[in-house]
2 protein chains.
Amino acid sequence: MAGPKNTSKILEQWPWLKGYNSSLFTDDVVAAAIVTILLVPQCLAYALLAGLPPQVGIYASILPLIAYAAFGSSRYMSVGPTAVISLMTAAAIAVLPEETRLVSAAILAVMSGLILIVFGLLRGGFIMNFVSRSVVTAYISGAALLIMISQTKHVLGTQADGTTAFGMIKSLLNSLSTTNIVSLMFGGVCIVLFWLSRQYLSYGLFKLGIRSRRAKLLARIAPIVIIGISIAISYGFELPQKYGLKVIGDIPRGLPMLQVPIPDLDMLQMLWLPALVLALVAFVDNMSTAQTLASRSRDRIDADREMLGMGASNMVAGISGGYPVNGSMSRSAVNYTAGAKTPVSSLIVAAFMTLSALFLTPILKYLPLSTLAALIIAACFSLFDFKSIWRTWKYSAGDGFTALATFIGVLVFGVQWGVLIGVVMAMVLHIRTTLRPNMAIVGRFPGTEHYRDAERFNVETNEFVKTLRIDESLYYANARYLEDKIARLVEDSPKMRDLILMCPAINRIDASALSSLETINSRLKSAGVNLHFSELHTHIKDRLAKTNLIKNLTGEIFFSQKEAMDSLEPEPDWSRFSDHVDIH
Amino acid sequence: MAGPKNTSKILEQWPWLKGYNSSLFTDDVVAAAIVTILLVPQCLAYALLAGLPPQVGIYASILPLIAYAAFGSSRYMSVGPTAVISLMTAAAIAVLPEETRLVSAAILAVMSGLILIVFGLLRGGFIMNFVSRSVVTAYISGAALLIMISQTKHVLGTQADGTTAFGMIKSLLNSLSTTNIVSLMFGGVCIVLFWLSRQYLSYGLFKLGIRSRRAKLLARIAPIVIIGISIAISYGFELPQKYGLKVIGDIPRGLPMLQVPIPDLDMLQMLWLPALVLALVAFVDNMSTAQTLASRSRDRIDADREMLGMGASNMVAGISGGYPVNGSMSRSAVNYTAGAKTPVSSLIVAAFMTLSALFLTPILKYLPLSTLAALIIAACFSLFDFKSIWRTWKYSAGDGFTALATFIGVLVFGVQWGVLIGVVMAMVLHIRTTLRPNMAIVGRFPGTEHYRDAERFNVETNEFVKTLRIDESLYYANARYLEDKIARLVEDSPKMRDLILMCPAINRIDASALSSLETINSRLKSAGVNLHFSELHTHIKDRLAKTNLIKNLTGEIFFSQKEAMDSLEPEPDWSRFSDHVDIH
C-alpha cells in the first residue's frame, strides 16, 4: 500500500474523516464503551470455544479492529472473534498436536487473511455467489448445534473432546459420571438468565417506561452484570478451591508480541482447506452483515474492498498472537444502535481492549468457565433457524435437500465439509435444471419467411432437409442432450440428407459443446447427412472459424435461414451420398 | 427383472432376435473369434495393470459379456477389462492391505455395478452431463501417462510401486540399478512392434493389395502374432530360468467360483468414493463409445438402459472373481468392423473365453510380463490427446484451464481426484458466466405503454417511482448481484420511494433468490422505499403466494407494468414513510 499523497486520496479511502468533530467523537466513544462491555466476555468465551487460551481472544480484539477501520468499507462493522469462526478454528486445529495449536490458530488466521487479500486484489468478490443462502442458513444452524454440544462439557465441568457431533456426544456421555454439581448449577442458571435477558429484558424495560432504544442497549449489556455477579460469587465463596469449579484462571497480563508465525509443510497441508473454507464463510457472513448495516444508512459496500479489509484484519490477528476474526453481526448492530458514527468507534474499542489486556485480567481470573459456556450456548439459540430450513423445503424440495445435507454434513463430517457439500450440491442442482435446452424442429409458415415450431404450428417441412432451432447457449452440461436429440432425429428421419441447426439465440458455445458439434458432424457424416448452420451470431461465427468443426463441416454456414433453405431445398445433390449409403 | 411373458416383450428388449438366422450367426462367430484373439492378451495385461493376478482378467471377460448382451442397449459393444478402469481399480485397491486386494477389486466391481443399477432405475442417466468433454479428454491423457509410468517397471523387470505419478517415478528411479536387460530388450522391441503394427500395418497391407477392411482386421490381430513369438522365444531359450525374465507364470486352470464378496466397514469406507467415480467415468466413457457405434448403424442408445447394462456387467464381474469392466472402444470397433451383427457375437466371445480359461492357460505361462507391459504402453500412445487440450485452450482459456487442472490432478493426486477436480471446476466456471443477469432501469416510451431501457432509449423516468426490469431467472448465484444492484440504486436515488421489479422473463426463483428478495424488501423498508412487482408469470406468483416475502411485502404485486405505474405514479402516499425517514 503506497502512502496516500494528498488529502483527496485520503478522503476517498476514508470519506468519514471529512468534517469529523468532537460531537461525532463523543458519539463514537459512547458506542465504543458499550461494544467493549459486550466484547470482553465474548472474546474470552470464543477463545475458549476455539480451544485456545483466553488471552488469544483479547489479542484478536485489538489490531484487527484497527486494520478493518483502515481497509474495510463498512462504517459500523465491529470485527473480532465470532462463534462460527471460532468453531471452524477449533475443528481445523483439533487434528494438530496439542502443543502446536496456538501457533496453528495464528497461521490459520494469516492464511485466511492472505487468501482474502489475494482474492480481493484479483477482484474475486464474486466467489461469495457460490454459497447459496440455504447453505449458509443450514450451515449456521448446524454449527450452532455443534457449538452447543461442544460447550456442554464446560457446563458439566467435565473433560470431553471430539470434533464431530457424534464424537463429542460419545465423549460427553462417557464423562457424565464426573459432572461437577456447582459447575452445572452455575451454568444452568446463567443459560436461563442470559436467554431471558436476550429475549425479554428489552421489552420489560420498555414496559417499565424506558425508551425503546435505551432499553435495547441496557438489555444488551445485561450479560456483563451476570458475569460480574458470577465472578463475585465464585471469588467470595472460594468455589474453585472448595468445590473444584473450573475458572478462567491466570491470564498473562500485557500486550501480544508481534511475530509472523512460520508454518511447516505438514501444517500447511492440514490447514489450506480449512483456511480456504474459513475465508469463504467469513466473507459471506461478513458481507451479509455489512449489507444489512449499510442498507440502514444508504451506504455502499464494495465486495472487493471488504475482502481486503477482512484479509488485513485476519493477517494482523495472526501476527499479534490472535486467531481468525470476522465481522460480528451482534456487536456491529450494538455499535450502530449505540450511536457510533464512524470507524473511529472501532479504534476506540481497540484502545479499551488494550487497557483490558493490561489491567482487567486479574479481575477475570475467577470467572467460571461454565458462565462463559452459558453465554455461548444462550447466543447459539438465536443462530438456529430450522424454521427457515423448513420454509426452504416447502418452497423448493431441491433447495431444502441441499440445506438438509449441509446441516447433516456439518454435524457428521465437520464444519468445512458441510459447507463444501452444500456448495457442490447447489451447483449440481442448478446445472441439473439447465440440462435440457429448448429446441424444436421448425418449418416455414406458408407464404412467409418465418420459421416456427413444427409441432405447434401448421408449417411446411421437408423430409430431406430438416431444421432444428436451438433456443439456448450450448455448454458442456447440455451438449450431450443435443447429441442425443440429433441421434434420435437421424433415427426417425431415414430420408434426411441435410440438417440445419438454426442458432438465433446462442450466445456461447464452450469447448465441450464445440467438441459435441464435431462429434455430431462426424456421426451425421457416417449416416450420410450433411450438417449446416444458420443465423449464427457474428462473434460465435468468428470464434468457430479456426476450429476443426468448420474445417471438417460437411455442410455450410448460412447467414440466414432463408438463404439456407434457398440453397438446399431446390435440388439436393444426391450423388455425393452414395459413398456412405453403401455401409448399411 | 420379471420374466418376459410373451414374444413381443422379448423382442422389445432384444429386437435383433427377430429374423436371426444362420447367416447372421456365421458373421457373429467370425467377429467373435477376432475379438477373442484381441481380448486374451488384453485382459491379462489389464489385470496386471490393476495389480491383480492374470486369471482375474479372464474371469472378467466371461459373465460380464453375457450380462451386457442381456441388459445393454448397444448391439456392437464389447465389454470387459479396459486400461483406464484397470488403472482406477489399481489406485482404489492400492491403499488396502495386499492380501485383501482380490476381494476388494471384486467388491469395487459389485459396488460400481450397484451404483449404476440404482442410477439406471432412477433414470439417472443425466448424471453424465456433469462430466464435460474437456475433462474426459484431459482425464484420459493423464491416465494414459500414469499407466505408461506404472508399466515401465515391468519393461525394466524391476520392483516399484506408488499410486501417483511422483510416487511411481521416485520408486522407479530407486529401482533402476536392478534393471533386467533381457526384460528391457523384450519390452523395448515389443513396444516398437506393437506401435508400428498399430500405426502402419493396415496401410502397408493395403498397399500390398489387400482390401482395406481386411487389411485393418489383419493389423488388429497382429499383436497376437507378436505375443506368440514372445512366448516361443521365452520358452525356447528358457529365458525365465536362465536370465530371470519375469513371465506370467502358472495361471489357475478352470472357471471362477460364483460368490458374493462381503465387504467389511473399513473397506466400504475406502471404496465408496472410488466406486462412485469409477461408475461415473465408466458410464461416460461407455456412452461415448456406444453413441459412436450407434451413429454408424442409426441405432438408438438409451442412457438409462445403458446404465443398467453396465451395472449388471459389473455386478457379475464382481461375483465371478473378476474386477470392474467397461465397454472397450477398441474391441467394440473391431467387433463392428469384423462384421458382428448382434450381441450374439459377445455371447460367443464369452464361450471362447471360457475355453481359454480351461485350456489356454498352460500356453500363456511363458508370456513375458514385459511383452504385456509393452502392449499396454503402445495402446496408451493413442490415448494421449495433448492436441485436443491445446485446441481447447486456444478456443477457451477457461475450458483449457479446467482440462489442465484435471490432467495435473490425475497425475498428482490420483485418478479419482483428477475427475472430481475437473467436474467441480467446470461447474464453477459455468456458474461464473451466469453471475450477472441482464437488468435495466426502464422508462416509458412517450405516449405509449412500452417500457424500455432508460440508458439506451429516450424514455420518461420518474425519480420517485423507479422500475428495474430483470431479464433472467433468479437463483442463488445471481441473487446477490440483484441485492447489490438494488443497494446501489438506493444509494444513487435519494428521492426514490417506490421500486418496481418488472419480471417478464423470470421462469424460476429458487429459495436463495426468494431469501434475497426478502432481504431486499426489508432493506428497502429501512431505507423508506416500497417494493413492488409487475408482470410476474402466474406459476411464479402462485409459488410465491404463501411465502414471507409476500406477507411482509411493503408494496404490491401488479399484473402489468401499466397497472403498476397507474397506481403508483399519480399521487404517492408520502405519509407512510415518516416512520423510517427519521432514522437518518
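The distance linking the range B:141-169 with the range A:151-221 is 58 Å (Cα centroid to Cα centroid, whole angstrom).
Dipole orientation for the range B:20-427: of the candidates B:137, B:292, B:425, B:292 has the Cα lying most toward the positive pole (charges on Cβ; Lys, Arg +1; Asp, Glu -1). Per-residue shielding of B:502-515, expressed as the average number of other chain Cβ atoms within 10 Å of the residue Cβ, stands at 5. Taking a virtual spin label 7 Å from the Cα of residue A:185 along the C-beta vector, which residues in the range A:362-390 bring their backbone nitrogen under 18 Å of it? Zone members listed by number: A:367-372, A:374. Under the simplified labelling scheme, the residue B:17-residue B:390 pair shows an inter-label distance of 5.2 nm, with each label point 7 Å from Cα along Cα→Cβ. Here each label is just a point 7 Å from Cα along the line to Cβ, and for residue A:491 and residue A:563 those points are 3.5 nm apart. If you take the Cα centroid of the range B:94-131 and the Cα centroid of the range A:479-558, the two points sit 34 Å apart. Calculated FRET efficiency, residue B:456 to residue A:273, Cβ-Cβ distance, R0 = 41 Å: about 0.35 to the nearest 0.05.
Given 0.36 nm per residue, what is the gain on full extension from residue B:397 to residue B:241 after removing their alpha carbon distance, in nm?
Values: separation 156, 0.36 × 156 = 56.16 nm, distance 5.53 nm.
Full extension of this stretch gives 50.6 nm more.
The C-alpha atoms of chain A define a longest principal axis, and helix A:386-395 lies at about 10 degrees to it. Shortest first and in nm to one decimal, what separations exist between residue B:438 and its copies in the other chains, measuring from label points 7 Å along the Cα-to-beta-carbon line? Distances between equivalent label points, in nm: 1.3.
Annotation for residue B:13, label-to-label distances across the other copies: 7.6 nm (shortest first, one decimal, point 7 Å from Cα along Cα→Cβ). Listed from fewest to most Cβ neighbours within 10 Å, the set A:28, B:510 follows the order A:28, B:510.
Tally Lys and Arg at +1 and Asp and Glu at -1 over the other residues with C-beta under 13 Å from the C-beta of residue A:183: what net charge comes out? Let's see the in-between values first.
Working: positive: A:153, A:242, A:246; negative: none.
Within the 13 Å Cβ shell, the charges total +3.
The HN-Hα couplings worked out from phi for the range A:197-208 by the Karplus form 6.51 cos²θ - 1.76 cosθ + 1.60 (θ = phi - 60°) are 5, 5, 7, 10, 4, 5, 5, x, 5, 4, 4, 6 Hz, whole numbers, x standing for Gly and Pro.
Counting every other Cβ atom within 10 Å of each residue's Cβ, A:35, B:419, B:442 order from fewest to most as B:442, B:419, A:35.
Determine the calculated [θ] at 222 nm for chain A from helices alone, applying -39500 (n - 2.57) to every DSSP H run no shorter than 4 residues and normalising by the residue count; nearest 500 deg cm²/dmol.
Details: 27 runs with 361 residues, N = 584.
Rounded to the nearest 500, it is -19500 deg cm²/dmol.
Of the residues B:194, B:464, the one with the fewest other Cβ atoms within 10 Å heads the list, and the complete ranking is B:464, B:194. For chain A, the longest principal axis of the C-alpha atoms and the axis of helix A:303-319 are separated by about 40°. Distances between equivalent label points of residue A:118 across the copies, with each point positioned 7 Å along Cα→Cβ, amount to 3.7 nm, shortest listed first. Between amide H atoms placed 1.01 Å from N, distances below 5 Å from residue A:534 occur with A:501, A:502, A:503, A:558, all of them 5 or more places distant or on a separate chain. With R₀ set to 25 Å, the beta-carbon distance separating residue A:550 from residue A:304 gives a calculated FRET efficiency near 0.05. Remark: the Cα gyration tensor places the range B:20-427 in the rounded category, a/c being less than 1.5.
Could you list the residues of the range B:463-487 with an amide nitrogen less than 20 Å from a label point located 7 Å from the Cα of residue B:445 in the Cα-to-C-beta direction? Answer for the range B:463-487: B:467-471.
In whole angstrom, how far apart do the alpha carbon centroids of the range B:345-375 and the range A:13-54 sit? The two parts, judged by their Cα centres, are 77 Å apart. Given a cut-off of 27 Å, name the pairs among A:216/A:246; B:485/B:541; B:153/B:216; A:170/A:246 whose C-alpha atoms lie farther apart than that in the structure shown. Those over the limit are A:216/A:246; B:153/B:216.
Starting from the Kirkwood Rh over alpha-carbon pairs, what translational D in µm² s⁻¹ does the range A:439-581 have by Stokes-Einstein at 4 °C and 1.567 mPa s?
Values: Rh = 15.3 Å.
Value of D from the Cα-based Kirkwood radius: 85 µm²/s.
With Cα atoms as the point set, the protein assembly as shown shows a radius of gyration and Dmax of 35.0, 109 Å. Subtracting the Cα-Cα distance of residue A:542 and residue A:229 from 0.36 nm times their residue separation leaves 105.1 nm of extension gain.
Computed extension length for residue B:9-residue B:207: 66.4 nm, one decimal, from 0.36 nm per residue of separation with the Cα-Cα distance subtracted.
For chain B, the longest principal axis of the C-alpha atoms and the axis of helix B:165-175 are separated by about 30°.
Distance from the B-onto-A rotation axis is smallest for the Cβ of the chain B residue given, in whole Å, as B:427, 2.
No lab work stands behind these numbers, since they all come straight from the coordinates. None of the values given here were measured: they were computed from a predicted structure. Virtual Cβ from ideal backbone geometry, glycine too; neighbours counted across all protein chains shown.
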